[in-house]
Amino acid sequence: MQSNSNLRNQITASSCVLAMLSLLFSKFLLTIAMIALIANAVLNPNFKLYWQKFKKDRLAVAFTALFFLIALSYFNSTNIGYWGERLRVKLPFLILPFAFCNLFPLPKKLFHYILFSLWLTIFATCIYSTFHFFTHYEASLNAYNYAKVIWTPKDHIRFSLAVATCIWIGVYLYREEFFIFRKSEKYIWFIGSLLLVFYLHILSVRSGLVGFYLSAAYFIFYFAVIKKQWKHAVIAALATISICVLAFIVSPTIQMKLGYMRYDLNEYFTGKNVSGRSDAGRLMSQKISWDVLQKNVLVGVGMGDVEDEVKQEYAIQHPEIDDNQRFEPHNEFLFIAVGIGIIGLILFFTPIFSFFFVSNNYRKWLLACIYIILLSSFFTEATLEMQIGTALFLFVILLLHYQFKSLSEL
């Protein structure tokens, strides 16, 4: 029995690592990870006990119910093909809550190795990205004039969120005194995380920067108000302010990004064509989506018809905008509201927001900081409308929740 338990723990840990690596390398790794996790939970002689445990876990049941909430929008959709795509993207809500509530917690050392694997992979990738930046300095810097960024693997927005997340993972490994060979290794994780902070400012992707500073504010609040450890809070506050000021003075990419953002927003507010514009395009997608929502406030247009209805509204209000620039709402709250209405939005986000307080999650600083980073992206991105966004959001918060569930605080 002990050997079977060890094997299941190893499969669970390996699946989590694969899921996180899919952010950098291949979505196929994500598919393998989800299949392995659900198989590990279902193909089990204790399946009946697992099922009973799942039914008693209100959080797991609530997250799973969100999948069926989206499924019910079938009856309000005419574009069934697009509805099916939305449902496929939300598949992790059906699979992961059952798997995580039964397969965790893992042994502490194994859990630390999962976090270390992610931290090391992101750190190594950031080193390569920085090397690429300095060896192609002029071209990389010029790219910021056209809403581009330095080289990153795949999606630079999700990557920036991963970097912000790994900053706190490194701090956690330092505080937990994690090491492989020698205890002094803990300083590597701390110094490495400081370097990740500076890299995040070189990358200058706002999703990651906003997530980092919001989580840093909570980190300071946590130690000042919840833990009453004012020394830690003051040091963290001074470090955050110093890094912020230094980065905004020194980083040329931040200055380029701010310059482009001012120009981009000016184009939007002066009523010019926003085709191909980054910030202006986001704001326009939100304005158009808001107008669509106002016509279908209570139950929405149906998840299957979000794209069609938004593009139709573009055609009415701004026919000059190219069809391939008529974006769906760059805001997860708006996307859900347009699809299933205000009532559906409340039902959808109630378990997601209440997650912060379940099992005193707000008192577990690592979980709280990472949760704030991921949730902050919902305001400027439709994070849960990409399978990799949905899966990684659930992977990270459920992994940390069920690992720390028995703890009252960190």
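Overview of results
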quantity: Enumeration of residues in the stretch 195-231 that are under 29 Å from residue 141 (Cα atoms), crowded, with 21+ Cβ neighbours inside 10 Å and of a type in the set (Phe, Trp, Tyr); calculated: 199, 212
quantity: Residue within the stretch 116-128 that is more than 20 Å from the chain's Cα centre (by Cα) and not small (Gly, Ala, Ser) present; calculated: yes
quantity: For residue 62: the one exception among (1) in contact with a Ser or Thr (Cβ under 7 Å, 6 or more places away or on another chain); (2) touching a residue at least 40 places away in the same chain (Cβ under 8 Å); calculated: (1)
quantity: Residue match in the stretch 215-225 (condition: under 24 Å from residue 377 (Cβ atoms), aliphatic (A, V, I, L, M) and modelled with pLDDT under 85); calculated: no
quantity: Given (1) part of a helix (DSSP H, G or I); (2) crowded, with 17+ Cβ neighbours inside 10 Å; (3) modelled with pLDDT of 80 or more; (4) not aliphatic (A, V, I, L, M), index of the condition residue 300 fails; calculated: (1)
quantity: Contacts under 9 angstrom Cβ, first residue in the stretch 232-246 being under 13 Å from residue 209 (Cα atoms), partner not hydrophobic (A, V, I, L, M, F, W, C), 6 or more apart; calculated: 240/213; 243/201; 244/201; 244/213
quantity: Candidates 335, 395 - the one that is touching a Pro at 6+ places or on another chain (Cβ under 6 Å), within 25 Å of residue 88 (Cβ to Cβ) and assigned to a helix (DSSP H, G or I); calculated: 335
quantity: Meets criteria (surrounded by 14 or more Cβ atoms within 10 Å (Cβ to Cβ), more than 23 Å from the chain's Cα centre (by Cα) and more than 18 Å from residue 392 (Cα to Cα)) for residue 140; calculated: yes
quantity: Hits in the stretch 1-49 (condition: of a type in the set (Phe, Trp, Tyr) and either in contact with a Cys (Cβ under 8 Å, 6 or more places away or on another chain) or closer than 21 Å to residue 118 by Cβ (or both)); calculated: 25, 28
quantity: Some residue of the stretch 252-264 being farther than 23 Å from residue 380 by Cα, at pLDDT below 90 and either surrounded by fewer than 17 Cβ atoms within 10 Å (Cβ to Cβ) or within 22 Å of the chain's Cα centre (by Cα) (or both); calculated: yes
quantity: Output for the stretch 232-251, where each listed residue is buried (at least 17 other Cβ atoms within 10 Å of the Cβ) and in a helix (DSSP H, G or I); calculated: 233, 236, 237, 240, 243, 247
quantity: The lone exception for residue 327 - which of (1) part of a helix (DSSP H, G or I); (2) under 26 Å from residue 27 (Cβ atoms) it fails; calculated: (1)
quantity: Whichever residue in the stretch 152-194 is of a type in the set (Lys, Arg) and surrounded by 16 or more Cβ atoms within 10 Å (Cβ to Cβ) and, among such residues, is nearest to residue 382 (Cα to Cα); calculated: 158
quantity: Of all residues in the stretch 374-410 being in contact (Cβ under 8 Å) with a residue 60 or more places away in the chain and hydroxyl-bearing (Ser, Thr, Tyr), the one that is surrounded by the most Cβ atoms within 10 Å (Cβ to Cβ); calculated: 377
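Table: residues versus (1) more than 30 Å from residue 339 (Cα to Cα); (2) under 27 Å from the mean Cα position of the chain (by Cα); (3) of a type in the set (A, V, I, L, M, F, W, C).
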{"residue": "10", "(1), (2), (3)": "yes, yes, no"}
{"residue": "22", "(1), (2), (3)": "no, yes, no"}
{"residue": "46", "(1), (2), (3)": "yes, no, no"}
{"residue": "51", "(1), (2), (3)": "yes, no, yes"}
{"residue": "60", "(1), (2), (3)": "no, yes, yes"}
{"residue": "66", "(1), (2), (3)": "no, yes, yes"}
{"residue": "70", "(1), (2), (3)": "no, yes, yes"}
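So that you can scan it fast, the table gives a plain yes or no per residue for (1) in contact (Cβ under 8 Å) with a residue 12 or more places away in the chain; (2) within 30 Å of residue 301 (Cβ to Cβ):
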| residue | (1), (2) |
| --- | --- |
| 19 | yes, no |
| 54 | yes, no |
| 67 | yes, yes |
| 85 | no, yes |
| 101 | yes, no |
| 117 | yes, no |
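The values are calculated or read from the model by the stated rules, or taken from the named source; none is laboratory data. Computed from a predicted structure; not experimentally measured. For neighbour counting, all protein chains shown are included, and Cβ atoms are generated from backbone atoms with ideal geometry for every residue, glycine included.
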